[in-house]
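Working notes, beginning with the structure itself.
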Amino acid sequence: MRVGLHALGIGSGATRAAIDAVAAAAERCGFATLWSGEHVVMVDRSESRYPYSDDGQIAVPAAADWIDPMIGLSFAAAATSTIGIATGVLLLPEHNPVLVAKQAATLDTLSGGRFTLGVGVGWSREEFDALGIPFERRAARTAEYVAAIRTLWRDDVASFEGEFVRFDSVRVNPKPVVDRRIPVVLGGNSDAALRRVVAWGDGWYGFNLGGVREVAERIEFLQRLCDDSGRDRAELRLAVALRDLTVDDVRPLADLGVDELVVVDGPPEDAAAADDWVAALADKWSPEAR
């Protein structure tokens, strides 16, 4: 089981110095992937329930810096040469899919094929309202956007006709490095999210799960969906982040078939301390990698 690090993009992880230092140290210490999430806007008092905490509230202060993950990860890619980079997650229905196809393929090309596009349907109605995008049917919009994006990556001259996106005989270059594909990993822990994973995803990023027992239950449900649809679960990349992770969780997660354990933490305010901070995380969660 690989170990990833979700530490960039927010607060102390949103500066150029932190990105450079954390990315280089994570690569040196053997982490598999650098993950970075997204919110375009935050609000001081949200009526929307955050689905990844017991109290329905997001822990990130509304006033915190939260940089665009595609731009932030481009800096991380420039500071490294081998470590994977991934959005965890990009709120895809809030974006123009043609632009996302272009941006993702560009980042994949410049990083040498290291990019994973993690996407989610979103949970904050206030955010959708601010962007002028309907909150309703956002899951259907996301599925169609991914289909359109894959068409743009695959075809030299691409056409697509859907409910939410249409284009005819267009060229979008560059193309992704490996077989004109970029892995599309889906966030979300609900039954509906896992159905989307099996229907059209390349993997699952389970975020802020309550513990090994919840991971086991979700993977069991995922396996049933795969069995019912005839899909091989081994095709799916499974990455999970636990809310209260302990070292005793590592072996059970590997035994469940988790491909990547994602450690979620914030780097120190002083970027000069990032090397020691990353090394300590590597010693705790993945000593064999060092």
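The values are calculated or read from the model by the stated rules, or taken from the named source; none is laboratory data. A quick note: this is a predicted structure, and the numbers were derived from the prediction, not measured. No Cβ is skipped: glycine too gets one built from the backbone with ideal geometry, and neighbour counts run over all protein chains shown. Areas reflect the complete protein model, heavy atoms only, side chains present, ligands, DNA and RNA absent. Shrake-Rupley method; radii C 1.70, N 1.55, O 1.52, S 1.80 Å.
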Problem - region 80-170 - convex hull of the alpha-carbon atoms, volume per residue in Å³ - result: 97 Å³
Problem - Largest to smallest accessible area among 68, 129 [probe 1.4 Å] - result: 129, 68
Fill in the blank from the handout: Scattering profile of region 1-138 from the Debye formula, Cα beads only, expressed as log10 I(q)/I(0) at q = 0.09, 0.11, 0.17 Å⁻¹, is -0.28, -0.41, -0.95
Practice task
Output the Cα-based Rg and Dmax of region 146-261 in Å, rounding Rg to one decimal and Dmax to a whole number.
Solution key: 17.0, 54
Practice task
Mind pulling the per residue volume of the convex hull built on the Cα atoms of the chain? Å³ is fine.
Solution key: 126 Å³
Practice task
Place a +1 charge on the Cβ of each Lys and Arg in the chain and a -1 charge on the Cβ of each Asp and Glu, then give the dipole magnitude about the Cα centre in debye, rounded to the nearest 20.
Solution key: 820 debye
Practice task
Express the accessible area of region 107-181 per residue in Å², computed with a 1.4 Å probe while the remaining protein chains stay in the model.
Solution key: 48 Å²
Exercise for the section: Pull up the DSSP beta bridges for the chain and report the antiparallel fraction as a percent, rounded to 5. Expected result: 10 percent
Exercise for the section: Specify which residue in the list 205, 11, 151 is farthest towards the positive end of the charge dipole of the chain, using unit charges on the beta carbon of Lys, Arg (+1) and Asp, Glu (-1), about the Cα centre. Expected result: 151
Completion exercise
One checks the Cα atoms of region 217-290 and finds Rg and Dmax, in Å, of 16.0, 51
Exercise for the section: Sticking to Cα atoms, compute the Rg of region 1-56 to one decimal and its Dmax as the biggest Cα-Cα distance, whole number, in Å. Expected result: 14.5, 42
Problem - Residue-averaged 222 nm ellipticity for the chain, from DSSP H runs of 4+ at -39500 (n - 2.57), nearest 500 - result: -11500 deg cm²/dmol
Practice task
Take peptides 162-169, 98-105, 247-254, 2-9 and line them up by average Cβ neighbours within 10 Å, highest first, as a rough protection proxy.
Solution key: 2-9, 98-105, 247-254, 162-169
Handout entry: Percent accessible area from carbon and sulfur atoms, region 159-290, protein chains only, probe 1.4 Å
Key = 46 percent
Fill in the blank from the handout: Kirkwood Rh for region 216-257 from C-alpha pairs, in Å, is 11.5 Å
Problem - the chain: relative contact order as a whole-number percent, Cα under 8 Å and 6+ apart - result: 23 percent
Problem - Principal axis box of region 157-214, alpha-carbon based, largest edge first, Å - result: 48, 29, 16
Fill in the blank from the handout: If each part is reduced to its alpha-carbon centroid, region 1-78 and region 149-228 end up apart, in Å, by 21 Å
Problem - Dipole moment magnitude, nearest 20 debye, region 133-290 about Cα centre, only Lys, Arg, Asp, Glu C-beta charged - result: 720 debye
